[in-house]
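Since the structure comes first, as structure tokens, the remarks are kept for the end.
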Amino acid sequence: MDLIQSYDGEAVSSSPDSSPPGIITRLWPKTKCIETIVTGIMSQHIPALDYYSNKLPLVSKVYASSEAFYGLNLNPLSKPQHVSYTFLPNMSYFEFIRVDADGEDTSEIVDLVDVTLGHYYEPLVTNYSGRTMSQHIPALDYYSNELPLVSKVYASSEAFFGINVNPLSKPQHVSYTFLPNMSYFEFIEVDDDGETTGEIVDLVNVNTGTSSGEKKIFPANDNFEDILLGLALSSLIMSKHVDGYKQGKVMIFKFIQPISTTPCGLPLAPSITIIMKSKNYRSPGKRSTTPDEIIMCTDPKQSMYCQLLCGLVQRDEVVSVGALFASVLVQIIRILEKYWKELCSNIRSGRLSDWITDHCCRDSVSIILGEPNPELADLIENECGQESWQGIVSRLWPKTKCVETIVTGIMAQYIPALEFYSDKLPIVSSIYGSSETFFGLNVNPLCKPQHVSYTFLPNMSYFEFIHVDADGEATGEIVDLVDVKLGAYYEPLVTNYSGSLYRCRVGDVLHVTGFYNNAPQFRFVRRKNTVLSIFVESTTEEDVLKALDRATVVLESSDLMLTGFTCFGDVSTVPGHYVFYLELKAKVNNDTNVLLLDEKVLVEYCCVMEESLSSFYRSLRRKDGPIGPLEVRVVQQGTFDSLMEFFVTRGASITQYKTPMCINSAETLKVLEDKVLARFFSDKSPPT
Ligand code: AMP
């Protein structure tokens, strides 16, 4: 028997039976707790540990298995019999089989968000490699059989690949079943001679090019568990903050693009399309007013019309209205303005318009449309026929609690229009993501748009940050997510898990505003590059948005509303000058649909814009200076819809569409120039 010296010098046996009580506290007198799992089968050791430690707190910290890390004990000093583990929803995709008191399956399977207090469950794990591990991996049973080793496993010093699930097969028939959770495996296709014939990527992702100005394509695989998880978390946050959110339906407009192929045959599409078409995509089902079949229709006009129709028919159940980006939501409202009479006629007759030719759309809309409903048609006609469309969203969907759409960054320009249409319902910017990666969530969804910060989810990619100064210039320092400093500005770098992006610069500037526990929170400041520069000045996206915000007050005084905006630096004139294209709308509809433009108001608008730009710009705008008077070109209604169509026909995704802040290509400018109604110039130099 091993002997150790007791605290007071006497030799004692190390066997538990003969150790004196409190031996731990006597040997390690400053010990404050015993960190060991004492739940489940380990609870049998509680009396022994109490005895040895003189009842120091026994802390069961984590609940985990080889398949997944499940959760943490947030109350570590609680008594062992009171320990509960808080599940970390980002660890795996968790589902639960309801079991009765005897542990027998009841065949009901629910999501983590749907478990009920007091019920018993067995967890099911789907891990990030996309493989359902559920109760057990049957193949592993074979591994423990006493069989000739040579036919059991396929492994190397780099990885354990797989096992032979048919161990009694003849040697020449042995195949190995790969265990996808062992490593991340990719395969290079080779021909009979072992020569490489293909690529190691599953598909190619294309970003829309509407935020960065140019399209980027990059390799991806079809493992979207992390992104789907981010979206699921965002929905959980909404349920927590918005009363009744889970009880109603969401009317969130989504669109997909046709999938094209690269020259070597790989599927190519924007990320939202790829995600929604992936086998792991989980449809919101009856939680959404739009059946998936409509979203899968690649004709945007038919899809938009049908999504609106389904939303109107189910108006009493809608608790949230939205689209990923505000620019799209504003466009949907314009479509509603154009088609409300036809939508009402469809509802009145219970018959969908003939121009909807997509069979899947027709079938699913017909089910929702049901019998003729003249009362509902009258009600909608009455609301839409009113002179002003102020509060139209809350009037048509009276139980709506919020508008879910991103209004940070360049989307901030749509806040006044959305406030007008929704009668100031909360506007929720819930996520920050890109084609490259999902970054984070707004954990305080009901805060004002100007206070939105996104909490980064550290498991989405490996994030690093280039420190940038106030002008967005890199200072050279690169830090990890854990090392970002409060108040500092950074540009994120993304290295993703599939290994296809290494330190990819996304081009956004973020400002650290706080921490949620230890996870940094960032305010989206702007896209990185200078938007406008005529001389040596550098006017950023943030400068333009601030100026636009201040000038909005001038428009409001004249009953006009901004519904679309972009700009460009016109150097064809001497001196060069800033040009802002504005699409405006009267708050009160007049039958003629003619926009009444007051010259005084629009000249004043130009002046306020200039006064709000940087002091450097203002100093260059002096009389006979190198920058000429700022110009506003008012364009016809629908111009920004045409601009969106222009980008969509070139492969941009509608769901991810962002009106470009600045236009640089002559081809794109032409879309706007053809629709200019009137021009106005600032009539005085701004104060310096
Ligand atoms: P894309 O990859 O084409 O979908 O564009 C991604 C870009 O959209 C990001 O890099 C940001 O510039 C912008 N973006 C995405 N989410 C937000 C957000 N919540 N607030 C502001 N800008 C955003």
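Any idea which residue in the stretch 633-654 is nearest to the ligand (Cβ to nearest atom), counting only those that are farther than 17 Å from residue 586 by Cα and hydrophobic (A, V, I, L, M, F, W, C)?
652
Among the residues of the stretch 74-93, write down those that are part of a strand (DSSP E or B) and either farther than 28 Å from residue 45 by Cβ or among the polar types (S, T, N, Q) (or both).
Residues satisfying the conditions are 86, 93.
Which one is farthest from residue 577 (Cα to Cα), of the residues in the stretch 618-632 that are among the basic types (Lys, Arg) and crowded, with 18+ Cβ neighbours inside 10 Å?
Per the criteria, the residue is 618.
Looking only at the stretch 298-317, which residues are assigned to a loop (DSSP other than H, G, I, E, B) and either at pLDDT 95 or above or in contact with a Leu (Cβ under 8 Å, 6 or more places away or on another chain) (or both)?
314
How many residues are within 16 Å of the ligand (Cβ to nearest atom) and not in a helix (DSSP H, G or I) if we restrict to the stretch 265-297?
So the count comes out to 3.
Would you be able to tell me the number of residues in the stretch 639-654 that are under 21 Å from residue 254 (Cβ atoms), surrounded by fewer than 23 Cβ atoms within 10 Å (Cβ to Cβ) and polar (S, T, N, Q)?
Total satisfying the criteria: 1.
For the stretch 395-425, enumerate the residues that are away from the ligand (no atom under 11 Å from the Cβ) and part of a helix (DSSP H, G or I).
395, 396, 413, 414, 415, 416, 417, 418, 419, 420, 421, 422, listed by residue number.
With (1) surrounded by 18 or more Cβ atoms within 10 Å (Cβ to Cβ); (2) in a loop (DSSP other than H, G, I, E, B); (3) away from the ligand (no atom under 16 Å from the Cβ); (4) assigned by TED's automatic domain parsing to the domain that holds residue 603 as the list, and residue 672 as the residue in question, which single condition is left unmet?
If we test residue 672 against (1) surrounded by 18 or more Cβ atoms within 10 Å (Cβ to Cβ); (2) in a loop (DSSP other than H, G, I, E, B); (3) away from the ligand (no atom under 16 Å from the Cβ); (4) assigned by TED's automatic domain parsing to the domain that holds residue 603, just (2) comes out false.
Would you point out the residue of the stretch 476-497, among those that are more than 16 Å from the ligand (Cβ to nearest atom) and modelled with pLDDT under 85, that is nearest to residue 436 (Cα to Cα)?
Among residues in the stretch 476-497 that are more than 16 Å from the ligand (Cβ to nearest atom) and modelled with pLDDT under 85, the one nearest to residue 436 (Cα to Cα) is 497.
Read through the list (1) away from the ligand (no atom under 13 Å from the Cβ); (2) touching a Cys at 6+ places or on another chain (Cβ under 6 Å), then give the number of the only condition that residue 428 fails.
Unmet condition: (1).
Considering only residues that are under 23 Å from residue 236 (Cβ atoms) and under 20 Å from the mean Cα position of the chain (by Cα), which ones fall in the stretch 290-325?
Of everything in the stretch 290-325, those that are under 23 Å from residue 236 (Cβ atoms) and under 20 Å from the mean Cα position of the chain (by Cα) turn out to be 290, 292, 295, 319, 320, 321, 322, 323, 324, 325.
Conditions (1) at pLDDT 90 or above; (2) touching a helix residue (DSSP H, G or I) at 6+ places or on another chain (Cβ under 8 Å); (3) under 26 Å from residue 356 (Cβ atoms), marked per residue:
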{"residue": "240", "(1), (2), (3)": "yes, no, no"}
{"residue": "253", "(1), (2), (3)": "yes, yes, yes"}
{"residue": "320", "(1), (2), (3)": "yes, yes, yes"}
{"residue": "327", "(1), (2), (3)": "no, yes, yes"}
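Going through 603, 632 one at a time, which residue ends up being farther than 27 Å from residue 300 by Cα, assigned to a strand (DSSP E or B) and in contact with a strand residue (DSSP E or B) (Cβ under 6 Å, 6 or more places away or on another chain)?
Result: 632 is the single residue among 603, 632 that is farther than 27 Å from residue 300 by Cα, assigned to a strand (DSSP E or B) and in contact with a strand residue (DSSP E or B) (Cβ under 6 Å, 6 or more places away or on another chain).
I'm checking my understanding of the structure. Among residues of the stretch 553-589 that are among the small types (Gly, Ala, Ser) and in a loop (DSSP other than H, G, I, E, B), which one is farthest from the chain's Cα centre (by Cα)?
572
Pick from 629, 575: which is in contact with a His (Cβ under 8 Å, 6 or more places away or on another chain), over 20 Å from residue 553 (Cα atoms) and of a type outside the set (Phe, Trp, Tyr)?
629
I want to confirm something. Restricting to the stretch 501-511 and keeping residues that are touching a residue at least 12 places away in the same chain (Cβ under 8 Å) and surrounded by fewer than 19 Cβ atoms within 10 Å (Cβ to Cβ), which single residue is nearest to the ligand (Cβ to nearest atom)?
The qualifying residue nearest to the ligand (Cβ to nearest atom) is 507.
Would you pick out the residues in the stretch 431-446 that are more than 8 Å from the ligand (Cβ to nearest atom), of a type outside the set (S, T, N, Q) and in a loop (DSSP other than H, G, I, E, B)?
Once the filter is applied, which keeps residues that are more than 8 Å from the ligand (Cβ to nearest atom), of a type outside the set (S, T, N, Q) and in a loop (DSSP other than H, G, I, E, B), the stretch 431-446 yields 443, 445, 446.
For the stretch 637-665, which positions are closer than 20 Å to residue 216 by Cα and assigned to a helix (DSSP H, G or I)?
Hits for the stretch 637-665 are 643, 644, 645, 646, 647, 648, 649.
Is at least one residue of the stretch 271-279 under 26 Å from residue 89 (Cβ atoms), touching a strand residue (DSSP E or B) at 6+ places or on another chain (Cβ under 7 Å) and of a type outside the set (Ser, Thr, Tyr)?
yes
What residue, among those in the stretch 234-267 that are surrounded by fewer than 19 Cβ atoms within 10 Å (Cβ to Cβ) and of a type in the set (A, V, I, L, M, F, W, C), is nearest to the chain's Cα centre (by Cα)?
236
What pairs can you find where one residue is in the stretch 334-359 and more than 21 Å from residue 385 (Cβ to Cβ), the other is among the aromatic types (Phe, Trp, Tyr), and their Cβ atoms are less than 8 Å apart, with a gap of 6+ or different chains?
So the pair list comes out as 356/305.
The values are calculated or read from the model by the stated rules, or taken from the named source; none is laboratory data. The model shown is predicted, which means the values in this text are computed figures rather than measured ones. Neighbour counts are summed over all protein chains in view; Cβ atoms, including those assigned to glycine, are modelled from backbone coordinates with ideal geometry.
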